[in-house]
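The next block holds one structure in the form of structure tokens; read it before the comments.
Each value in this text was obtained by applying a stated rule to the coordinates, not by laboratory testing. Every value quoted in this text rests on a predicted model; they were computed, and no experiment measured them. Because the Cβ atoms are built from the backbone with ideal geometry, glycine has one as well, and the counts that use them run over all protein chains shown.
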Amino acid sequence: MRSHYCGGLNEAHIDQEVTLCGWVHKRRDHGGVIFLDLRDRDGIAQVVVDPDTPEAFKLADSARSEYVIQLKGRVRRRPSGTENSDMSTGMVEVLGKELVILNKAETPPFPLDDYVDVGEDVRLRYRFMDLRRPEMLNKLRFRSKVTSYIRNFLDGQGFLDVETPILTRATPEGARDYLVPSRTHQGSFFALPQSPQLFKQLLMVSGFDRYYQIAKCFRDEDLRADRQPEFTQVDIESSFIDENTLMGIMEQMVREMFHDLLDVELPTFPRMPYAEAMSRYGSDKPDLRIPLELVDVADLVKDVDFKVFSGPANDAKGRVAALLVPGAAEKLSRKQIDEYTKYVGIYGARGLAWIKVNSLEQGAEGLQSPIVKFLGEDVAMSIMARLGAKDGDIVFFGADKTRVVCEALGALRIKVGHDLEMLEKTWAPLWVVDFPMFEDDDKGGLTAIHHPFTAPSCSPEELEANPEAALSRAYDMVLNGTELGGGSIRIHDPVMQKTVFRILGIDDEEAQNKFGFLLDALKFGCPPHGGLAFGLDRLIMLLTGASSIREVIAFPKTQSATCMLTQAPGEVDDKQLKELSIRVRKQDSDAS
């Protein structure tokens, strides 16, 4: 039906006869001559229809926004002075000769070139219209380029694209599974995969050596801007490899991708231990563009009468840390500080102590804060000396359990850095390594930081003797404060795997019931192997500068995990439920 795409026309096509198909983007009547901006996937072409072609002119006159048309005509140079350098087709136009209206359209629910005042719920309800906008189309076109680039790179590195099952069994991987009832095995359920983790490990046992997959994954969890109930990850696994080699391959892929697709040379990827990242930045995915760091001051305040500080300072699980913001004393009003106090409350902080540095020469008298009198001059000035504070600076404090201080001050560091426009570079990648194997599960036991198939950096005997101190062979790639991907060297020894299960409170019977197929596979010559999974949606979000992953997914869910377009999830009829032997129990609306 077409000979060319609208956005592909240029001066090389002058005097050629072309057939275009697309949507009417705009219609303008200029003194008896009708101009149509015709839009398709590749761009917009200006079409001119004059009264010399009565039938075409009549149809062009009746055309309205978003009508679907076919047009035949001749490409010509635009008259001098009417060129549009902002358009790839801005030097030419098409003189229309024949026009066919393929389909009419109702008035769009919102303008397709400006949606500033349109709520996201409306855009998602009419997503098929929202995707017509050039901004959205270009993001998804770029997404396609990225996936093609990744496939070509991994193919060139000897990785094989292998699909793994979507219907599998529930496994504990840290989030709730989406369950699918079985009609043929009544009372039993499939689970949608949170990741292809176990299957890709089995592929390594099978001798595939290098595997990848651009895989759909599912997690029934609370949502944020960078989370969806169904998401896409670039899943990678390789045999006979160590972490240094695997990280090198992945770093090469990301570097080349940024160079070839964005013309960006990424700086070196430093490697930072998890403990250092938490100590300096309060986060295991620090944004290194922001030149602010957390500094421990517990030793300086452990003997003060101010229990807010001395309590956590003398608690083995507590932390007292300070965040120095250079030159912020004049930039931040008391109202803004109060807003920051509310902000850190989101992360469990019970308050936000602060000191404005007005004049160090005046000692404690030159420090403006309600807490200085509780610290005493010696302690207050010792803190200023450790921080390297100068006149005009402001210091924020966190004093609580270590986790609360890290999360609260770590988040504040990011917010202040952005609010005061302190970013020193455009891109700041790094690897975070040496994660702990386990963390407290708040029930007196331990849970795996990553997943129970991650290899530790010690022997089974050393692991069992002191599991809290064990480090894992895990690694996360971080860019601008966002985790792009995470992975680890896996456990390939059945003795080590059983040891990890035992530490996690999974006895032999439960392990055999849930992971018997994996334990059996490990007995039959499993090679050393490891892998990594990139969050494709997050990667595209960063590359395109989008504000959330919903902007780079064709048909995303909302924050409440619903599809505004199809109104999913929805109810099913009683016949389907009966076939599945399922009875829906309505929750009491009056129950608390």
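What are the residues whose amide H is under 5 Å from the amide H of Arg490, where those residues sit 5 or more places off or on another chain and H is modelled from the backbone?
When sequence neighbours closer than 5 places are left aside, the close amide H contacts are Ala455, His529, Gly530, Gly531.
Please sort by residue number the trypsin sites (Lys or Arg not before Pro) in the range 102-156 whose DSSP state is loop and whose Cβ has at most 13 other Cβ atoms within 10 Å.
Answer in residue order: Lys104.
Give me, ordered by chain and number, the residues 5 or more places off Leu446 or on other chains with an amide H under 5 Å from its own placed amide H.
Asp441
At a Förster distance of 56 Å, what's the computed FRET efficiency of Asp15 paired with Phe128, Cβ-Cβ distance as r, to 0.05? If you can, show how the numbers build up before the last one.
Values: r = 37 Å, r/R0 = 0.66.
Step by step, r from the Cβ atoms, then E = 0.90.
Using alpha carbons only, how many degrees (0 to 90, rounded to 10) separate the axis of helix 494-503 from the longest principal axis of the chain?
Helix 494-503 sits roughly 70 degrees off the main axis of the chain.
For Val100 and Glu120 in one chain, what is 0.36 nm times their gap in residues minus the Cα-Cα distance, to one decimal in nm?
Stretched out fully, the Val100 to Glu120 stretch lengthens by 3.8 nm.
So what J values fall out for the range 543-550 if you push phi through Karplus, 6.51 cos²θ - 1.76 cosθ + 1.60 with θ = phi - 60°, rounded to Hz, Gly and Pro as x?
5, 9, x, 6, 7, 7, 6, 4
What FRET efficiency, computed as 1/(1 + (r/R0)^6) with R0 = 30 Å and r the Cβ-Cβ distance, is obtained for Asp573 and Glu230, rounded to the nearest 0.05? Let's see the in-between values first.
On the way: r = 24 Å, r/R0 = 0.81.
Rounded to the nearest 0.05, the efficiency is 0.80.
Hey, got a sec? Which GluC sites (Glu not before Pro) in the range 405-446 land in a DSSP loop and have at most 12 other Cβ atoms within 10 Å? Please report the intermediate quantities before stating the final value.
On the way: sites: Glu407, Glu421, Glu424, Glu439; in loops: Glu421, Glu424.
Answer by residue number: Glu421, Glu424.
Taking θ as phi - 60°, what are the ³J(HN,Hα) couplings along the range 350-363 by the Karplus curve (6.51, -1.76, 1.60), each to the nearest whole Hz, with x for Gly and Pro?
My calculation for the range 350-363 gives 8, x, 9, 6, 8, 9, 8, 8, 8, 7, 5, 4, 8, x Hz in order.
On a 0 to 90 degree scale, rounded to 10, what angle separates helix 508-522 from the longest Cα axis of the chain?
60
What's the magnitude of the charge dipole for the chain around its Cα centre, counting Lys and Arg as +1 and Asp and Glu as -1 at the beta-carbon? Answer in Debye, nearest 20.
So the dipole magnitude of the chain works out to roughly 1460 debye.
Over the Cα atoms of the chain, what Rg and Dmax result, in angstrom?
30.0, 94
Only Lys, Arg, Asp and Glu count, each charged at its Cβ (+1, +1, -1, -1), so figure out the dipole size of the range 6-103 about its Cα centre, rounded to 20 debye.
Numbers: 13 positive and 16 negative charges, 27 e Å.
Here the size comes out at about 120 debye.
What residues have an amide H closer than 5 Å to that of Val180, excluding those fewer than 5 places away on the same chain, when H is modeled at 1.01 Å from N in the peptide plane?
Residues meeting the amide H criterion: Phe190, Ala191, Leu192.
Just order 454-467, 198-211 by mean Cβ neighbour count inside 10 Å, highest at the front, would you?
Top of the packing list down: 198-211, 454-467.
What do you get for GluC sites (Glu not before Pro) in the range 532-592 restricted to DSSP loop and a cutoff of at most 14 other Cβ within 10 Å of the site's Cβ?
Glu571
Of His4, His492, how do they rank once you tally other Cβ atoms within 10 Å and put the fewest first?
His4, His492
When you count, for each residue, the other Cβ atoms within 10 Å and take the mean per peptide, how do 531-540, 377-386 rank with the highest first?
Numbers: 531-540: 23.8, 377-386: 17.3.
Highest mean packing first, the order is 531-540, 377-386.
For the range 450-563, take every pair of Cα atoms, bin their distances at 5 Å starting from 0, and report each bin as a whole percent.
Using 5 Å bins, I get a P(r) of 2, 10, 17, 15, 14, 11, 10, 12, 8, 2 for the range 450-563.
So, R0 is 45 Å and r is the distance between the beta-carbons of Ser88 and Gln512; what FRET efficiency does that work out to, to 0.05?
With a Förster radius of 45 Å, E is 0.15.
Order these by the 10 Å Cβ neighbour count, fewest first: Asp296, Asp393. Could the numbers behind the result be given before it?
Values: Asp296 15, Asp393 20.
By the 10 Å Cβ count, ascending: Asp296, Asp393.
From the square roots a ≥ b ≥ c of the eigenvalues of the alpha-carbon gyration tensor of the range 290-422, which class results: rounded (a/c under 1.5), prolate (a/b over b/c), or oblate?
It is oblate, given that a/c is not under 1.5 and a/b is not larger than b/c.
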